[in-house]
Amino acid sequence: MRKWFQWAAVVSQLAVIAAMAWPREWALRTGQPTWIRTAPLDPRDPFRGDFVRLHYDISEVPLGSCSESLRKALDSRAQRKEALRVFAVLQMDESGVAKVQALLDREPEGGLYLRGRATGAWSEHVMVEYGLETYFTEQGQAVALERRPEGLPEKARLEMEVMIGSGGVGVIRSHRWSR
Amino acid sequence: MASIKDTVTWLRGELESWVADGTIDRATAERIGARYATPTPSLPWNVLLFAGLGAAILGCGIILVMAYNWEAIPRLAKLGILGGSTLAAHAAGLELRRRSPRNTQLAEGVSLLGSMLFGASIWLVAQAYHLDEHYPDAFLIWGLGAAAVGLAIPSVAHGWLCATAFTIWGMSESADFGEVAYGAPLLLAGSLGAIVWMTRSRSLPIAIALALGLLLPSGAAALPGNAGWMLMIHYGSLLIGIASFMRQHERWRGAARALSVLGGLLSLGTLYLLSFADIGEEAIPLRCGQEPDSVITILYLYGTLASAFAAWLFAAKRPGLRALALEGRLAVFLIGLVAHGLTVHIHDERDVRILTVSILVMLLGLAIHWMLRGCRSGEAGMTIEGSLLLVAVGVASFFELFESLVFRGLAFVSVGVVLFAVGWAFTRSTRERVGPELQP
């Protein structure tokens, strides 16, 4: 009996790792590729190595794009200082980069959307985190991402390719510089 | 100089040889042997050090190596390597334990490596999929995984890993996010307590004490109102109550001492800080509904108080209530209760003054009790504890009670005189106990 408990404990460790990895791996393989414009900030983490911290254009959503029920929920949540689960419905602009069409407090029935957490509401916009704000790189390469490569115009921006799977789970796949 | 354990072992060997050569008979040898307790087998520190610490450092090294994040190695290959290594290490540890029961420490070390690799896998998943989740959760998951294996084997080394992971989880929640990980002390006490129960480990209670010593102050600082202060006081009482029970058992006497010291520092240290008016003013009572999560906080606080009360009731069965009272340990619990009652009624400066003066008077009473009792019974530890508490009370009264420099000076003179008197009384008491024939 004890032997079964021991193996169950070992398997539970592996199951946790699989449960963490599987939805992201599935999104990377089957999700819809979407480019999102961002700005890189300073890198470092002792356990996971070098990374850049990303602040997306879609991280600040105008209040006008929020649904009525979300606005009410934001008001009550703001008093309790809790983050609120939200869903950003995306649409592509003329350059193929995603913009927020609407921000909802309920999961949409279809279309392209990302799930996130509203972490704060200001007078004109809502701050949203999508769990895509870190981009890990091989050691030494994160610093390079903070600077625009030579030869690119000043308005060139870093864009992340995000694979969006079911339930609005997003996983970063790659990056590029806009031209 | 040889230790008592070595001397007793030597004596037992000699007794056998004396019986063998007819110097004494077997009954005499057994009577002599019965006067000295059989030394308990010591922990195999060398194996624990090399296997346990080696596994921990090796695991940390693997985590740091994986942090390099080689892009040439495919994501799934990295995950496969770490997942496979985790499974292989656990399988090897279990097999080693099954085949060679004498090598349990080595087997534990190998299993611990498996759980270190489990931790490395958590960080690798976060790195490979660029996860930007709440990072303390990684330590919670790591601790839960280690607890599962630690309970299933059962394993002391996993208990230490658990204590480390849960402590980092709780401390990072309060330090980086201003949140209180209410579950951290409960998970620590629950999982490690169960492992202690199964393994009869003498080192794990010390791990619990160290973890709580780091966890509680950081968590209490993030609690609203007087909850943090009162939590520290009652947790201290809880630890002293548990230690009072544990010290009745020879095996856990060392760990009980560590718990008792930590409990005393938490409880008396917090009470002492509250005796300063500036700090006492911050002990504003927490009223249900005024603060976020106040219901949980209040439940948590009074749950701790109830646990402390239960621990004292349990402890009172063995050494007895009178013994606990005489040793002054019960007084620590009671002073905490009175201070809690006083903070509930803080409304203005006068109430704060009542709180600070009351605490100082109660601590002074405890210091005098410890000094008198220590001198009478010849217990140096108790006498020193009482003297240190008296000095602390003297310093606090210098700042808090007297405006006049003359009275402040007299307070210090009084403390100095009392300390000299205690030193003289203790020496005299010890001399009387040793007997005149042994005096030079």
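Identify, please: which residue in the stretch B:123-135 is of a type outside the set (S, T, N, Q) and either within 23 Å of the chain's Cα centre (by Cα) or at the interface with chain A (Cβ under 7 Å from one of its Cβ atoms) (or both) and is, among those, surrounded by the most Cβ atoms within 10 Å (Cβ to Cβ)?
B:Val125
Among B:Ser429, B:Ser397, B:Ser358, which is the only one that is assigned to a helix (DSSP H, G or I), among the hydroxyl-bearing types (Ser, Thr, Tyr), more than 30 Å from the chain's Cα centre (by Cα) and surrounded by 15 or more Cβ atoms within 10 Å (Cβ to Cβ)?
Details: B:Ser397 fails: more than 30 Å from the chain's Cα centre (by Cα); B:Ser358 fails: more than 30 Å from the chain's Cα centre (by Cα).
Going through B:Ser429, B:Ser397, B:Ser358 in turn, just one is assigned to a helix (DSSP H, G or I), among the hydroxyl-bearing types (Ser, Thr, Tyr), more than 30 Å from the chain's Cα centre (by Cα) and surrounded by 15 or more Cβ atoms within 10 Å (Cβ to Cβ): B:Ser429.
Which one is modelled with the highest pLDDT, of the residues in the stretch B:5-56 that are loosely packed, with under 11 Cβ neighbours inside 10 Å and among the aliphatic types (A, V, I, L, M)?
Among those residues, the one meeting the criterion is B:Ala27.
If the requirement is being surrounded by fewer than 23 Cβ atoms within 10 Å (Cβ to Cβ) and either of a type in the set (Val, Ile, Thr) or modelled with pLDDT of 85 or more (or both), which of these qualifies: B:Ile141, B:Ile208, B:Ile153?
Residue meeting the stated conditions: B:Ile141.
Looking at A:Ser59, A:Ser65 in this structure, which one is at pLDDT 85 or above, more than 8 Å from chain B (Cβ to nearest Cβ), surrounded by fewer than 19 Cβ atoms within 10 Å (Cβ to Cβ) and closer than 20 Å to A:Gly168 by Cβ? So that I can check it myself, show each step before the final result.
Numbers: A:Ser59 fails: surrounded by fewer than 19 Cβ atoms within 10 Å (Cβ to Cβ).
Going through A:Ser59, A:Ser65 in turn, the sole match is A:Ser65.
Can you tell me which residue is nearest to the other protein chains (Cβ to nearest Cβ) among those in the stretch B:80-109 that are within 20 Å of B:Met66 (Cα to Cα) and hydrophobic (A, V, I, L, M, F, W, C)?
The extreme case among them is B:Leu87.
Could you check how many residues of the stretch A:150-172 are assigned to a strand (DSSP E or B) and over 20 Å from A:Val89 (Cα atoms)?
So the answer is 1.
For the condition touching a residue at least 40 places away in the same chain (Cβ under 8 Å), within 23 Å of B:Pro101 (Cα to Cα) and assigned to a helix (DSSP H, G or I), what is the one hit in B:Gly170, B:Gly159?
Within the list B:Gly170, B:Gly159, the selection yields B:Gly159.
Take the conditions under 18 Å from the mean Cα position of the chain (by Cα), within 26 Å of A:Met20 (Cα to Cα) and surrounded by fewer than 20 Cβ atoms within 10 Å (Cβ to Cβ) and apply them to A:Gly167. Does it pass?
yes
Yes or no: A:Arg37 within 28 Å of A:Ala142 (Cβ to Cβ), modelled with pLDDT under 90, part of a strand (DSSP E or B) and within 14 Å of another protein chain (Cβ to nearest Cβ)?
Here the answer is no, as A:Arg37 does not meet what is asked.
Restricting attention to the stretch A:9-25, report how many residues are within 7 Å of chain B (Cβ to nearest Cβ) and either touching a helix residue (DSSP H, G or I) at 6+ places or on another chain (Cβ under 7 Å) or of a type in the set (Asp, Glu) (or both).
Here the count works out to 9.
Taking the conditions exactly as written (closer than 30 Å to A:Phe51 by Cβ and under 31 Å from the mean Cα position of the chain (by Cα)), does B:Ser85 satisfy them or not?
Working: closer than 30 Å to A:Phe51 by Cβ: yes; under 31 Å from the mean Cα position of the chain (by Cα): no.
So B:Ser85 does not fit the description; no.
Which residues, counting only those in the stretch B:100-136, are part of a helix (DSSP H, G or I) and free of Cβ contacts under 8 Å to residues at least 12 places away in the same chain?
Initially, the stretch B:100-136 is screened for residues part of a helix (DSSP H, G or I), giving B:101-128, B:136.
Selection gives B:Pro101, B:Arg102, B:Asn103, B:Thr104.
The values are calculated or read from the model by the stated rules, or taken from the named source; none is laboratory data. Since we're looking at a predicted model, the values are computed, not measured. Neighbour counts run over all protein chains shown; Cβ positions are idealised from the backbone, glycine included.
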